[in-house]
Amino acid sequence: MFCQVGGVRADVDAQWVRRVSTAAAAWTAQEPAAALAALDSPDLAAVLDSSYAGVAVLRAGNALGFGASGPVARASGVDLDLRRDDPYLPYPPFPVPTGAEGDARARIRVLVDELAPSAGLVAWAAERLTESTGAPVDVRLPKVVRVPEGET
């Protein structure tokens, strides 16, 4: 419940933004890239192939029919990401990994493939938040928002 209509529940602390920016920058640096490469190791691939291949298959048509979204839908071959396709914020371009098999292995692969782009989006958002200091996004809202009669 941190977010609410018109903004966030409490002011965002400048130190928190710096910590988030530092953590996101570390994920996009070379060292974490090596950690991500370790996730893409032959050992992990072998475990995924032996343990998760063909398990809990969800085909694209069923994923859409069941209302699946996010990595679950994308692992089934549904190329859908609301941040890109129906943006609610002005996101920068970012890669959207998809799978095709729709099994547990594909879902794990999509999640792993989304780590780096997600860290990039966090860094981007932290930078925007820093740039908006003093702008309306930082205005604290009252506990109760009253809409004028006849407006809703």
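What follows is calculated from the coordinates using simple rules that are stated; it is not laboratory data. Quick caveat: nothing in here was measured; it's all calculated off a predicted structure. When we count neighbours, we look across all protein chains shown, and the Cβ atoms used for this are built from the backbone with ideal geometry, even at glycine.
In whole Hz and in residue order, list the ³J(HN,Hα) couplings for the range 99-105 that follow from phi through the Karplus curve 6.51 cos²θ - 1.76 cosθ + 1.60, θ = phi - 60°; x for Gly and Pro.
x, 9, 6, x, 9, 4, 4
Can you compute 3J(HN,Hα) from phi for each residue in the range 50-56, using the Karplus curve 6.51 cos²θ - 1.76 cosθ + 1.60 with θ = phi - 60°, rounded to whole Hz and x for Gly and Pro?
Karplus values, whole Hz, x for Gly and Pro: 7, 9, 10, 5, x, 8, 6.
What does the highest-first list of 94-102, 16-24, 70-78 look like by mean Cβ count within 10 Å?
Sorting 94-102, 16-24, 70-78 by mean packing, highest first, produces 70-78, 94-102, 16-24.
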